Amino acid sequence: MKNKIKLTAIELFNQQGISTVSMKQIADSIGISAGNLRYHYKDKAALLEVIYNEMYNETLNYILPKNSYITLFHFEEMMLKFDNLQERYLFFFSDVVHILKTYTTISKAYQVSNLVRFKEGRKLIDYYIESGRLKPENDYIDYDKVIYSIWMISTFWQSQKQVIASKKYKVNKGHSMQMLWNILMPYLTDKGMNEYLELKKFVPQKK
């Protein structure tokens with residue numbers, strides 16, 4: 001029953017936004033009483049914490065292989081997995097500011113996890129520099145800012161589509177991976193660009 005409640009809540013949150021969905025509405029959608037629902041999850045905060053922890057635990061699998069050669073494909077693979085997670089938990093990334101202001105436990109955990117991601121991102125960038133795929137950092141190249149830009153685009157890609165919804169504007173209608181590569185390409189060395197071109201021959205283009 002707990003899993004059914006969780007899946008129903010995610011579906012309703014994705015459709016209507018977390019702030020408009022009540023616990024009673026979740027209970028009604030499943031066909032149980034509000035008291036029965038509270039037996040499993042005492043309130044929306046408790047339910048949301050379980051959903052968030054599930055999301056976070058899934059991202060722990062988005063790790064780089066250890067003791068092996070890491071290619072640009074690994075970057076694309078990780079970001080595509082994260083994009084897929086965003087689609088399944090659309091409500092969280094659409095309402096992230098509201099959620100973090102309202103649910104302090106989740107806010108603290110989210111802050112910590114993002115700081116860890118920035119450190120891991122820096123390790124990956126340094127690896128790409130050392131292996132000759134990215135240009136060395138200098139007075140004009142600040143990879144910490146590049147990493148933060150990548151985080152912003154990947155985190156808010158789904159929500160920005162709702163902000164700029166005009167059918168006449170096409171730039172933001174593609175896949176987030178296109179925008180992420182657009183950030184990184186100016187920093188690729190000849191070796192990195194050749195690897196990127198090879199990668200694009202074998203990776204299906206996302207629309």
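The values are calculated or read from the model by the stated rules, or taken from the named source; none is laboratory data. Nothing here was measured: the structure is a model prediction, and the numbers come from that model. As a convention, Cβ positions derive from the backbone with ideal geometry for all residues, glycine included, and neighbour counts pool all protein chains shown. Calculation scope for accessible area: heavy atoms of the full protein, side chains included, ligands and nucleic acids excluded. Shrake-Rupley method; radii C 1.70, N 1.55, O 1.52, S 1.80 Å.
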Worksheet, complete the sentence: Taking Cα pairs closer than 8 Å and at least 6 residues apart, the relative contact order of the chain in percent is 20 percent
Worksheet item: Among V146, L7, N84, whose Cα sits farthest toward the positive end of the charge dipole of the chain (+1 at Cβ of Lys/Arg, -1 at Cβ of Asp/Glu, about the Cα centre)?
Response: L7
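Compute the length gained on full extension between T20 and I70: take 0.36 nm times their separation in residues and subtract their Cα-Cα distance, giving the result in nm to one decimal. Don't skip to the end; give the middle numbers.
Working: separation 50, 0.36 × 50 = 18.00 nm, distance 4.37 nm.
Here the segment from T20 to I70 would lengthen by 13.6 nm.
About its Cα centre, what dipole magnitude does the chain give when the only charges are +1 on Lys and Arg Cβ and -1 on Asp and Glu Cβ, stated in debye to the nearest 20?
On the way: 29 positive and 21 negative charges, 136 e Å.
For the chain, the charge dipole is close to 660 debye.
Could you give the length gained by full extension between S107 and R38, i.e. 0.36 nm per residue of separation minus their alpha carbon distance, to one decimal place?
Numbers: separation 69, 0.36 × 69 = 24.84 nm, distance 2.30 nm.
Answer, rounded to one decimal: 22.5 nm.
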Discussion item. Cross-link candidates for K200: which lysines have Cα within less than 19 Å, leaving aside residues fewer than 8 places away along the same chain?
Written reply: K81, K191
Worksheet item: Quick one: accessible area per residue over the stretch 52-142, 1.4 Å probe, rounded to a whole number of Å²?
Response: 58 Å²
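Set the bar at 32 Å for Cα to Cα. Now go through K42/K161; K108/K161; K44/K167; K42/K145; K135/K168 and name every pair that lies beyond it. Spell out each step's value before the answer.
On the way: K42/K161 34 Å; K108/K161 27 Å; K44/K167 35 Å; K42/K145 41 Å; K135/K168 36 Å.
Among K42/K161; K108/K161; K44/K167; K42/K145; K135/K168, the Cα-Cα distance tops 32 Å for K42/K161; K44/K167; K42/K145; K135/K168.
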Worksheet, complete the sentence: Low-density loop chymotrypsin sites (Phe, Trp or Tyr not before Pro), the stretch 150-207, at most 10 other Cβ within 10 Å, DSSP non-H/G/I/E/B, are Y169
